[in-house]
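All of the numbers you see were taken from the coordinates with simple rules; none came from a lab. Remember, predicted model here, so these are calculated numbers, not experimental data. Backbone-built Cβ (ideal geometry, glycine too); neighbour counts: all protein chains shown.
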Amino acid sequence: MSLQSFVSPDLIRQRFSRAMSDMYREEVPLYGALMELVAQVNAGVLGSDEGIARQLRSTGEIQRLDLERHGAIRVGTATELATLGRLFAVMGMQPVGYYDLTPAGVPVHSTAFRAVHESALQVSPFRVFTSLLRLELIDNPQLRDFAESVLARRKIFTPRALALIEQAETQGGLDDSAAEEFVEQALETFRWHHSATVTAEQYQQLSAQHRLIADVVAFKGPHINHLTPRTLDIDQVQALMPAHGITPKAVIEGPPRRECPILLRQTSFKALEEAVSFTDQPDSR
């Protein structure tokens with residue numbers, strides 16, 4: 001198969017980002033409301049601040065502004081993380097940076113998968129902050145062994161997704177039909193599952209250790225836990241969310257507003273309480 005017949009990893013990433021956004025909008029309707037609000041705020045900023053508009057035009061960022069997405073996902077084992085890295089590599093995404101979140105009381109360490117070249121970022125600036133659960137931080141030996149056993153049994157990738165990853169690695173890429181199937185199959189890893197793989201009591205035990213541990217261990221897959229667009233005025237978005245029926249987080253995470261915004265600032269709506277069906281309870285949806 002010639003290289004010319006392969007779909008660019010950047011275009012596969014662009015397709016996946018759009019599919020992810022559509023899926024998340026269906027799962028979390030508030031995400032759609034947030035997207036509309038961010039689009040309004042961005043349009044207002046571009047219309048009132050010629051300096052920002054000129055800067056975005058000169059860098060080419062204005063064309064990708066509506067495409068930019070920052071997602072986050074958490075996995076439970078080193079094997080899951082390694083396979084996720086292979087999946088992201090099909091889309092031209094590499095691990096960048098290392099973050100130890102344990103000093104903040106979060107039992108994970110993390111990296112960000114993203115494209116690294118400017119030309120690739122212009123096609124799709126999609127990135128995913130990816131965290132690995134640190135099971136060794138569970139201080140109860142029995143609970144730690146239980147969590148390890150639960151995670152060892154689950155399979156977060158479809159057989160077809162694994163086959164397509166291997167195909168891309170072996171052949172050097174995917175043709176158009178295989179790329180479309182890859183996006184569909186890869187999306188399943190990031191989908192929310194209402195059915196837990198543990199009992200309600202076991203979930204409470206995991207949650208008592210740390211809610212994030214329960215979120216990672218107790219379900220069939222990791223699911224995307226947030227997906228956020230880029231805004232040109234995060235303070236305005238934060239202030240306007242209540243008027244649009246969105247309850248924001250208490251504060252914007254990150255440094256105070258600065259003249260040169262070189263550091264990440266982020267916010268979102270408060271996490272929703274999802275109905276969960278445990279193995280010892282009927283489906284509660």
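Here are a few things to note about the model shown:
- Spatially proximal lysines relative to K155 (Cα-Cα < 18 Å; intrachain offsets below 8 disregarded): K220
- Other-chain or far-sequence residues with amide H under 5 Å of H223's (modelled H): R191
- Reachable lysines, given that their alpha-carbon falls under 27 Å from the alpha-carbon of K249 and they are not under 8 places away in the same chain: K270
- Highest-first arrangement of 259-266, 197-204, where packing means the average Cβ count within 10 Å: 197-204, 259-266
- This model, with +1 at the C-beta of Lys and Arg and -1 at the C-beta of Asp and Glu, gives the chain a dipole about its Cα centre of some 320 debye.
- Leading residue at positive end of dipole, the chain (Cβ point charges), from A104, A275, A115: A104
- Rounded to the nearest 20, the Cβ-based charge dipole of the stretch 59-139 about its Cα centre (Lys and Arg +1, Asp and Glu -1) stands at 160 debye.
- Placing +1 on each Lys and Arg Cβ and -1 on each Asp and Glu Cβ, with no other charges, gives the stretch 203-285 a dipole about its Cα centre of roughly 220 debye.
- Length gained when the stretch Q266-D145 is fully extended (0.36 nm per residue, less Cα-Cα span): 40.0 nm
- In the chain, taking the dipole from charged Cβ atoms about the Cα centre, the farthest positive-side position among P9, L132, A19 is held by L132.
- Here mean projected area of the Cα convex hull in nm² was calculated from the structure, and among [x] 14.0; [y] 24.4; [z] 16.5 it sits at label [z].
- The chain: DSSP helices with Cα axial extent of at least 15 Å and average Kyte-Doolittle hydropathy no lower than 0.5: 29-48, 78-90
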